[in-house]
Number of protein chains: 2
Amino acid sequence: MSVTLEQLQAFVAAAEHGSFSAAGRALRKAQSAISTQVANLEDDLGLALFSRTGRNPVLTAAGERLLAEARVVLDRREHLIGVAASFEAHVEHRLVVAIDELYPEQALGTLFAAFAAHFPHVELELLFPMLEDVSRLVLDGKADIGVMWRQEVLPTEIAFHTLGWVPLQLVCGKDHPLARGVVDWEELKRHRQLMVAARSEGPEKQRLRSAAEVWWVESHWIILQMVRQGIGWALVPDHIIRSSPVRDDLVTPPLQFDGADWPVALELVWHKQRPSGPAARWLRERFAALRISGLPR
Amino acid sequence: MSVTLEQLQAFVAAAEHGSFSAAGRALRKAQSAISTQVANLEDDLGLALFSRTGRNPVLTAAGERLLAEARVVLDRREHLIGVAASFEAHVEHRLVVAIDELYPEQALGTLFAAFAAHFPHVELELLFPMLEDVSRLVLDGKADIGVMWRQEVLPTEIAFHTLGWVPLQLVCGKDHPLARGVVDWEELKRHRQLMVAARSEGPEKQRLRSAAEVWWVESHWIILQMVRQGIGWALVPDHIIRSSPVRDDLVTPPLQFDGADWPVALELVWHKQRPSGPAARWLRERFAALRISGLPR
DNA sequence: AGCTTCCATCTGAAAAAAAGATGGATCAAT
DNA sequence: ATTGATCCATCTTTTTTTCAGATGGAAGCT
């Protein structure tokens, strides 16, 4: 087979070290070996990779371009070996993470960048489920790890770890009657409340219910759109209000009574019975470590 | 070097043909060669690629995954050889195409997909210049090919080919005085006209000028936003009006006089002096062939 | 049971790669 | 200008790798 890995390796080393001799030293091979490999490669490709006027070889334009290609080939070979090694180490090949929209996403970018650096061979799938329950996804094996707002008592098969508490804020539209001043409990009850559509039934769902009339909506973001229209009021995490495109049309009136910010727990969940691989364990640890910095409170 | 191209080639062929013997026949090698190569590869990777119970080898889970990786390595090698070949054939390594926003983009996707298939080794850069003139970019060598609305007489260094004619339509906001009925010339002149900011000066610029008061705006899309606000009227290609996000707030009143749609020429331009490579020629031909199907009229 | 086709393994032959030696060229320092 | 170090290309020899052919055991089909 022409254009072999040895040729490419010699070529890349020569380009990197600036001379065939240095490349030979780096690869622990004789200078003549590098010289012939590069010459053969040039012969196979039908062009000159180096200009040999002068003491040291200098990359030609073609050499410059093909150097990048050669690196890719060699890197993909390394990658293949890495994938094989992670197979041996029983690292997961694929990891599905379901994250509730309640989780502030700012930290996710750096977290998953670090994950990619540690586990380059793991395929990662991120779910931001709307109508489906995160714990349901974990329970059914459709997700390996979940980050969710604990609305209900969790099934016993689910292991969990509390990441933190997210305070909810009263929010309504600019022209809503509640926007005028300090709000008390009785006044809240008289207006329509917008709540996230519970994906399962249970008592936790009722804890945050205050008003007589309630509409159920599938997402906090959509709730804010509706709140803006004056359709009702809602309890929404502060960071969602702040990053909403309609935030300028929203008002967060102060509340008259105590314990008024209704904190909800944000939980990291996984399945007790399904064995976790190194990647899942790593990700769980890093999620847990993000607790203080990533979340309010 | 362990994990060689020969090993990967044998592996992929064995997986594709379902047996080592068949792979050997396909690669014109002895069955024993394939067998040894695959065995060595498995040894190097430290895992089994095939399950050998039964008559024919069957891919293991690891084999399945690594097959994809092996294909990538081999493909990248092929790609490198292709890049080298196109260097030899003096194919451009890079092609910059500047396209005026006036050109309807629907056809571009399939066109450039076909380009990628024909010239996989050419780096393509697409420009959709706003304030800069396409012909200027081509003249300065910043773009190899341009598609532009001919506003001016083209410099003699520029070669061109007319792709077609785009009819302009009168457009104004819902509440604009012109929206009420059939419009005549004199009435047009009394209201503010919005025109695309000419990037160079010249007589063609004046041909489309009707009103006494004119505002210059850098893009048709922004013009439509301003038209919607009732700031003035404009002449805009139909396909831009149709695909505008504010199209529901726009009105296109009929005109009383003849020749009322002011067609403008859409030109394919390139530099006469700079030699065109095969990729540029191919792309020019395909652009020209798109004339009938891609444009109105 | 018999036949075919599969795979693994062994052996010797062929090919490829590497090392070592040699000579001509370049560059820097003297 | 000369010297010495270092560079590359090339040749020869040695080592390693690859390949083909032969053989035997196992699987599947009739």
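Contact map, segment A:1-30: first residue more than 14 Å from chain B (Cβ to nearest Cβ) and surrounded by 20 or more Cβ atoms within 10 Å (Cβ to Cβ), second residue among the aliphatic types (A, V, I, L, M) and assigned to a loop (DSSP other than H, G, I, E, B), Cβ cut-off under 7 Å, separation 6 or more or different chains; pairs are A:Gly24/A:Ala30.
This table checks each residue for (1) assigned by TED's automatic domain parsing to the domain that holds B:Val214; (2) acidic (Asp, Glu).
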{"position": "B:Glu157", "(1), (2)": "no, yes"}
{"position": "B:Lys174", "(1), (2)": "yes, no"}
{"position": "B:Pro177", "(1), (2)": "yes, no"}
{"position": "B:Asp184", "(1), (2)": "yes, yes"}
{"position": "B:Glu187", "(1), (2)": "yes, yes"}
{"position": "B:Arg192", "(1), (2)": "yes, no"}
{"position": "B:Val196", "(1), (2)": "yes, no"}
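Rundown of residues vs (1) in a loop (DSSP other than H, G, I, E, B); (2) within 17 Å of the chain's Cα centre (by Cα); (3) not polar (S, T, N, Q), yes/no style:
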| position | (1), (2), (3) |
| --- | --- |
| A:Leu124 | no, yes, yes |
| A:Gly146 | no, yes, yes |
| A:Pro155 | yes, no, yes |
| A:Phe160 | no, no, yes |
| A:Gly164 | no, no, yes |
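Taken over segment B:16-36, the criterion of being under 16 Å from B:Leu5 (Cβ atoms) and near DNA strand C (Cβ under 8 Å from one of its atoms) is satisfied by B:Ala23, B:Ile34, B:Thr36. Can you pull out every residue in segment B:68-96 that is in contact with an Asp or Glu (Cβ under 7 Å, 6 or more places away or on another chain) and more than 9 Å from chain A (Cβ to nearest Cβ)? Scanning segment B:68-96 gives B:Arg94, B:Leu95, B:Val96. Here A:Ser2 clears all of (1) closer than 25 Å to B:Arg28 by Cβ; (2) assigned to a helix (DSSP H, G or I); (3) polar (S, T, N, Q) except the condition numbered (2). For segment B:50-67, a tally of residues being facing chain A (nearest Cβ under 9 Å) and among the hydrophobic types (A, V, I, L, M, F, W, C) returns 3. Only residues that are β-branched (Val, Ile, Thr), in contact (Cβ under 8 Å) with a residue 12 or more places away in the chain and within 20 Å of B:His118 (Cα to Cα) were counted across segment B:42-91, and they come to 2.
Considering each residue of segment A:42-57, count those that are within 12 Å of DNA strand D (Cβ to nearest atom) and in a loop (DSSP other than H, G, I, E, B), and give that number.
Adding up the residues that qualify gives 8.
Only one of the numbered conditions (1) within 16 Å of DNA strand C (Cβ to nearest atom); (2) under 30 Å from B:Arg28 (Cβ atoms); (3) in contact (Cβ under 8 Å) with a residue 24 or more places away in the chain; (4) in a helix (DSSP H, G or I) is violated by A:Ala39, and that is (3). Check B:Ala26, B:Ala85 and return the single one that is more than 16 Å from DNA strand D (Cβ to nearest atom) and at pLDDT below 95. It is B:Ala85.
Given the options B:Ala68, B:Ala39, name the one that is within 30 Å of A:His79 (Cα to Cα) and either exposed (fewer than 15 other Cβ atoms within 10 Å of the Cβ) or touching a Ser or Thr at 6+ places or on another chain (Cβ under 6 Å) (or both).
When all the criteria are applied, what remains is B:Ala68.
Within segment B:236-259, being without any contact (Cβ under 8 Å) to a residue 40 or more places away in the chain and more than 15 Å from B:Leu194 (Cβ to Cβ) holds for B:Arg242, B:Ser243, B:Pro245, B:Arg247, B:Asp248, B:Asp258, B:Gly259.
The condition of being touching a helix residue (DSSP H, G or I) at 6+ places or on another chain (Cβ under 8 Å) and surrounded by 14 or more Cβ atoms within 10 Å (Cβ to Cβ) holds for A:Ala62. B:Ser200 falls short of the stated requirement of being touching a helix residue (DSSP H, G or I) at 6+ places or on another chain (Cβ under 9 Å), at pLDDT 85 or above and hydroxyl-bearing (Ser, Thr, Tyr).
In segment A:58-79, is there at least one residue being among the hydroxyl-bearing types (Ser, Thr, Tyr), modelled with pLDDT of 90 or more and outside any helix (DSSP H, G or I)? Looking through segment A:58-79, at least one residue is among the hydroxyl-bearing types (Ser, Thr, Tyr), modelled with pLDDT of 90 or more and outside any helix (DSSP H, G or I).
The values are calculated or read from the model by the stated rules, or taken from the named source; none is laboratory data. Small disclaimer: the values here were computed from a predicted structure and weren't measured. A quick note on method: Cβ atoms are made from the backbone with ideal geometry, for glycine too, and the neighbour counts reach across all protein chains shown.
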